[in-house]
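Step one of this worksheet: look at the structure below.
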Amino acid sequence: MELFVAQALNGLIIGLLYALIAIGLSLIFSVLKIVNFAHGECYMMGAFFSYYFSTLFGINPILSVFLSMAAVFLLGVAIQYLLLRPLYTGAVERKDEYAILITFGLGVFLQNVAMSVFGPWTKKSPDFISGITGIGIFTVDNNRLAVSGAALVIIVALLVIIGMTFVGKALRAVSQDRDASAIVGINPHRMNLLAFGIGVALAGGAGGLIGPIFLISPVMGILPGIKSFVIIVLGGMGSIKGAIIGSLLLGEIESLGSVFFLDPTRGLAYKNAFGVLLLAIVLLLKPTGLFGEKHVRME
Amino acid sequence: MKKTLFVIGVALLVALMGGSSVWCQESIVIGGVAPLSAPGAAESGAEMKVAMEMAAGEIGKILGKPVKLQVEDTRGLPEEGTAAMNRLADAGAVGVVGEFHSAVAKAEIEAANERKVPLIVSEAWADVITGKQYPYVFRIAPANSLFYTKVADWVKSIGAKNVVAIVENTDWGLGVDTVFKENLPGEKNINGQAISYTSIVAERTVSDFTPQLLMYKSMRPRPDLVMDIFTGTGEYLIVKQAAELGLATTRETAMFPVGTSALYPEYWETVGEYGVFSITKTGYHPLLGVTPAIMEFNKKFEDKTGKTPTFAAMEAYDSIYVMAKAIENAQATDGDAVLAALEKIRYDGVLGTIWFSQERKPDYMFHQWPGAKAVLIQYTAKDQKYTDAELLWPAILKP
């Protein structure tokens with residue numbers, strides 16, 4: 001029982017980290033109606049920005065995370081304006097293919113840039129809070145507790161912004177109907193910029209937070225990028241609530257599944273398969289995902 | 001006018017073709033293969049490349065022709081290894097040396113054999129690499145079975161009862177795991193107690209080992225030794241997460257990161273104080289004996305990079321010299337002549353006198369250098385260089 005509780009607690013911590021990455025991807029999809037295949041690389045850039053802010057300039061590690069979010073936000077705004085804006089101005093005919101090619105190519109580009117600029121070496125960001133805390137048999141790194149707390153705060157802040165502010169309402173309006181929102185005075189292009197910027201900034205924040213825990217390298221974004229896609233499909237494309245619940249579910253099933261698998265010595269080898277299995281079951285029962293609506297295409 | 005242009009064009013074409021053939025004849029190409037970028041172990045690949053360049057630069061000429069070293073990045077991916085070998089064969093490489101990852105080397109030996117290009121595997125340990133007994137494949141690094149059976153003896157000698165491992169799902173990792181599975185479970189330790197060995201296999205991409213380490217922590221009796229059979233980021237993460245959970249290194253449980261990554265400064269940058277008292281392996285340690293050749297190599301390498309070389313660099317350096325000497329001895333550049341020369345070679349390198357066994361039993365001994373050494377060391381302070389770590393267990397490897 002003690003082992004089960006310890007694993008569940010670990011799953012919750014991992015789930016919160018997944019949520020931070022996946023929410024951004026979900027927000028981008030809900031407003032822009034595209035899947036950002038460079039999301040994992042934005043997560044990686046956030047990790048490196050945060051690392052260099054704290055190691056080169058001696059900035060407090062927590063503050064570095066927020067600065068890295070700001071940097072990735074600006075990067076996202078630039079990417080959206082320069083590369084994705086043609087999708088919404090009528091300049092591109094085959095929109096779906098264009099979006100896939102641009103974001104996928106951007107991911108490869110960012111990975112190679114990171115490899116050349118930062119080097120291939122594995123790095124560790126400075127600790128947020130050093131030391132460990134004991135909870136029964138579960139001894140947890142204080143960084144994980146700090147990161148879970150920070151992730152929770154960021155998620156709640158985002159939910160408040162989306163649900164209770166004018167900007168949030170405008171984003172939701174654009175996600176529901178771009179033309180109707182334009183009629184009532186909302187600028188959809190500006191909301192695109194904002195949604196993409198916030199979405200990748202959340203991924204960048206997750207990268208910055210993960211630095212002291214899972215270490216950083218130019219290829220660190222590949223798997224989280226794929227997992228966040230699994231999560232948003234699981235939770236329902238474009239649903240932020242779905243992304244949060246999907247993340248927590250994935251965190252739990254990976255943590256518990258890899259230990260309580262029939263053959264525990266093989267459980268870790270199938271860790272990534274558990275998420276896909278969960279996804280397959282959910283999609284069989286509910287093709288739009290847990291909280292998804294009927295698929296909406298880019299017009 | 002058209003006729004003049006045609007004549008000039010043909011003349012240029014002939015000059016270019018003739019020029020390229022002269023250029024090909026005037027240099028001897030030796031190929032290098034190493035992981036220079038992720039997901040491969042780039043830190044190892046980078047130092048191997050530096051060592052290869054140093055050796056090629058020092059050799060300068062073979063058979064009166066300048067040596068051209070062409071190093072290809074295999075990224076730790078088998079398909080990249082095959083492509084690199086084919087590119088090098090197409091470029092006219094007389095021989096190829098290097099490689100760090102067993103899975104990649106396993107792909108490269110197929111290409112080497114098919115293209116009839118002699119390949120000296122510098123630092124990949126899976127038995128199968130020489131175990132396939134391909135005529136064109138030689139190896140300087142130890143075979144897994146040669147070294148890890150001795151490590152199993154060491155485990156028995158320290159009185160360990162409960163040994164656990166997390167193993168990367170690669171040819172090297174699974175090979176090491178197999179050696180331990182064959183040599184530890186049910187065997188008696190020095191105190192006459194039966195040893196249990198439990199291993200968990202994981203993909204190289206896994207970053208959270210906490211669930212499995214928690215499972216090991218809840219074992220009774222508690223594990224005496226945690227084997228971290230990973231390389232690169234995974235190797236660092238297991239050391240870090242085991243320490244964060246209070247599993248190892250503790251008074252009851254030792255941590256043994258088996259991969260080469262524990263020898264680099266990045267180890268301390270990523271695991272910090274959790275690396276103190278961890279045990280690891282190295283193919284070179286000053287207490288094994290510092291020859292003038294080692295001192296000279298270390299000095300040149302440190303002058304060039306500012307870093308202490310590991311045995312991976314020494315193996316790569318020696319590999320180039322061995323290949324060059326074989327070409328010189330063969331007085332020819334065709335694969336069969338170089339192969340015959342490699343089978344007869346005796347070369348006094350940085351790591352010792354290198355020669356290749358012709359024994360076919362056990363299978364991995366064919367074209368294997370039997371003199372490769374590896375020892376166990378233990379770090380006793382944070383940020384310690386591996387050359388300053390305490391020598392825990394010396395073993396001279398013999399077939």
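Any read-out appearing in this document is the output of simple, stated calculations on the displayed coordinates, not a laboratory observation. From a predicted model like this one, the values you see are computed outputs, not experimental measurements. Neighbour counts are summed over all protein chains in view; Cβ atoms, including those assigned to glycine, are modelled from backbone coordinates with ideal geometry.
Observations on the structure shown:
- Candidate cross-link partners of B:Lys181 among the lysines, defined by an alpha-carbon separation under 18 Å and a same-chain spacing of 8 or more, comprise B:Lys150, B:Lys156, B:Lys161.
- Averaged over peptide B:214-221, the number of partner chain Cβ atoms lying within 10 Å of each residue's Cβ comes to 4.
- The value obtained for the range B:197-350, namely the Cα convex hull volume divided by the number of residues, is 171 Å³ per residue.
- Based on DSSP H segments of at least four residues, each scored -39500 (n - 2.57), chain B has a per-residue ellipticity at 222 nm of -13500 deg cm²/dmol.
- For B:Ile158 and A:Leu83, a Förster radius of 51 Å and the Cβ-Cβ distance give a FRET efficiency of 0.30, rounded to the nearest 0.05.
- For A:Gly163, the shell of other residues with beta-carbons less than 12 Å away shows a net charge of +3, using +1 for Lys and Arg and -1 for Asp and Glu.
- The DSSP beta bridges internal to chain B are antiparallel in roughly 30% of cases.
- Among B:Arg75, B:Arg360, A:Arg172, a tally of other beta-carbon atoms within 10 Å of each Cβ gives an order, fewest to most, of B:Arg360, A:Arg172, B:Arg75.
- Every Cα-Cα pair of the range A:113-166 was included, and the share exceeding 19 Å stands at 58 percent.
- By the count of neighbouring beta-carbon atoms within 10 Å, fewest first, B:Ile30, A:Ile226 end up ordered A:Ile226, B:Ile30.
- Eligible aspartates and glutamates near B:Lys132 by straight Cα distance, threshold 12 Å, same-chain separation 8 or greater: B:Glu110, B:Asp363
- Least to most buried among B:Ile190, B:Ile195, A:Ile23 (fewest other Cβ within 10 Å first): B:Ile190, B:Ile195, A:Ile23
- Hull volume in cubic angstrom per residue (convex hull over the Cα atoms of the range B:262-305): 87
- In straight-distance terms, cross-link reach from B:Lys361 covers every one of the aspartates and glutamates whose alpha-carbon lies under 19 Å from its own, apart from those fewer than eight places away in the same chain; here that gives B:Asp127, B:Glu182, B:Glu343.
- Antiparallel DSSP beta bridges within the protein assembly as shown, as percent of all bridges there, nearest 5: 35
- Distance from the range B:320-399 to the range A:107-153 (C-alpha centre basis), Å: 39
- Fraction of beta bridges assigned by DSSP in the range B:72-220 that are antiparallel (%, nearest 5): 5
- Electrostatic bookkeeping for A:Gly15 treats Lys and Arg as +1 and Asp and Glu as -1; over the other residues with beta carbon under 13 Å from its beta carbon, the sum is -1.
- Sorted from longest to shortest, the spans of the Cα atoms of the range B:44-141 along the three principal axes equal 36, 27, 22 Å.
- Distance cut-off 39 Å, percentage of C-alpha pairs in the protein assembly as shown lying past it: 41
- Using the Cβ of B:Lys300 as centre and a radius below 14 Å, the other residues enclosed give a net charge of -4, where K and R count +1 and D and E count -1.
- Here the ratio of the Cα radius of gyration of the range A:20-220 to 2.2 N^0.38 Å is 1.09.
- Share of alpha-carbon pairs per 10 Å distance bin for chain B, given as whole %: 5, 23, 31, 22, 11, 5, 2, 1, 0, 0
- Kirkwood-based Rg to Rh ratio, the range A:153-274, C-alpha trace: 1.07
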